[in-house]
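Quick note: the coordinates plus some simple rules give every number you see, no bench work behind them. Here the structure is a predicted model, which is why all the values come from computation and not from measurement. Please note: Cβ atoms are built from the backbone with ideal geometry, for glycine as well, and neighbour counts cover all protein chains shown.
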Amino acid sequence: MDFKTILKEVYTDLLQTKSNGQPASYIPELANIDPDKFGMHYCSVNGEHYGLGDHQEKFSVQSIIKVISLCLAFKTEGVKIWKRVGVEPSGTPFNSLVQLEHEQGIPRNPFINAGAIVICDILLSQLDKPKEEFLNFVNQLALNSTIQYNPKIAASEKDHGYRNAALINMMKSFGNIENPIEDVLDFYYDICSIEMTCEELAQTFQLFANNGCIPSSKERVITTSQSKRINAIMQLCGFYDEAGEFSFKVGLPGKSGVGGGIVAIHPGEYTVAVWSPRLNKKGNSYKGIQALEMLTTKSELSIF
């Protein structure tokens with residue numbers, strides 16, 4: 001399959017297409033990004049790399065990092081994490097309070113805000129130096145030591161994180177948060193502020209395309225079983241209440257972030273990251289979803 005040609009076709013077509021939507025204005029620092037940025041990067045498990053557009057410009061990955069925090073928690077804590085967070089699609093917005101109240105403080109899955117906050121609480125209990133160790137883990141997966149937090153973005157989220165404060169207080173009232181609320185939220189905002197390029201993001205997710213191993217180094221990070229399960233959660237829950245439509249249109253596991261990034265995985269084949277800051281009404285990159293739908297349509301390959 002000539003993915004280089006397909007990616008060029010997708011990029012060229014979408015570069016000439018007007019993108020609807022707006023950047024995530026409820027996080028002021030994200031609203032300052034040029035909304036017409038657009039990058040794509042493809043990385044095969046055999047080491048082939050193709051990038052187009054703004055694929056080497058760093059952006060805030062936001063909720064995409066929730067896959068990596070889940071990966072580290074699953075690696076360190078094992079199956080015990082599923083006592084505190086579920087694996088079902090939410091069918092509600094990523095910051096919904098209603099479902100959490102009804103289900104007594106147990107989030108539906110690790111990728112909605114409440115679930116990711118619980119995962120952060122688990123990591124705070126497991127790691128001696130959570131912020132440092134988490135960043136080291138990201139750099140290990142990315143084969144890159146330059147990835148960092150963005151303190152301005154973290155502070156911007158914290159200053160406007162009223163809904164997240166409500167979520168964690170509700171979970172604390174049900175006994176599902178062990179550490180001090182302020183510490184958990186600070187860690188949550190830090191990890192969401194991490195900045196990567198499309199190239200770095202595609203590389204970071206390579207282990208999920210290769211049964212838990214980093215293809216280039218052959219280093220096993222998680223078990224094959226853990227990798228399979230994380231991919232399944234991405235397929236079912238990676239796009240909030242648009243997960244079903246993404247599966248229908250694209251047919252790959254993936255994860256989005258309100259910074260405009262999306263990463264998708266074809267197990268055994270490749271990872272691909274796209275970035276376009278304009279979001280649709282569900283909080284997912286408008287042009288990013290179009291790009292991935294075109295990619296799997298033109299290649300006629302998906303997991304289905």
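Miscellaneous remarks
- Whole-Hz ³J(HN,Hα) from phi, Karplus 6.51 cos²θ - 1.76 cosθ + 1.60, for the stretch 186-191, glycine and proline x: 4, 5, 4, 5, 4, 5
- Taking each of Lys4/Lys298; Lys4/Lys228; Lys8/Lys287 in turn, the alpha-carbon distance tops 18 angstrom for Lys4/Lys228.
- Computed per residue of the chain from DSSP H runs no shorter than four, each worth -39500 (n - 2.57), the mean residue ellipticity at 222 nm is -13500 deg cm²/dmol.
- Structure-derived Rg and Dmax of the Cα atoms in Å: which label, when the choices are (1) 20.8, 74; (2) 17.7, 54; (3) 23.5, 77: (2)
- Among Ser225, Ser217, Ser125, the largest mean-square fluctuation in a Gaussian network model of the chain (Cα springs under 10 Å) belongs to Ser217.
- In Hz, Karplus ³J(HN,Hα) per residue of the stretch 233-244 (6.51, -1.76, 1.60; θ = phi - 60°; x = Gly, Pro): 5, 4, 4, 8, 9, x, 10, 6, 8, 10, 5, x
- Here's the list of aspartates and glutamates a cross-link from Lys131 could span, going by alpha-carbon distance under 18 Å and ignoring same-chain residues fewer than 8 apart: Glu77, Asp121, Glu157, Glu178, Glu182, Asp183, Asp186, Asp190, Glu195.
- Amide H contacts of Gln22 (H built 1.01 Å from N, in plane; Pro and chain starts excluded): Leu279 sit under 5 Å, all sequence-distant by 5 or more or on other chains.
- In nm, spacing of pseudo-spin labels at Phe304 and Asp36 (7 Å Cα→C-beta vector): 3.5
- Residue-wise HN-Hα couplings along the stretch 84-97, as the Karplus relation 6.51 cos²θ - 1.76 cosθ + 1.60 with θ = phi - 60° gives them from phi, are 10, 8, x, 10, 9, x, 8, x, 10, x, 5, 10, 5, 9 Hz; Gly and Pro carry x.
- Amide H contacts of Glu219: Ile214, each under 5 Å away and 5 or more positions distant or on a separate chain (H built 1.01 Å from N in the peptide plane; Pro and chain starts excluded).
- Theoretical FRET efficiency, 1/(1+(r/R0)^6), r = Cβ-Cβ of Ala155 and Ile181, R0 22 Å, to 0.05: 0.80
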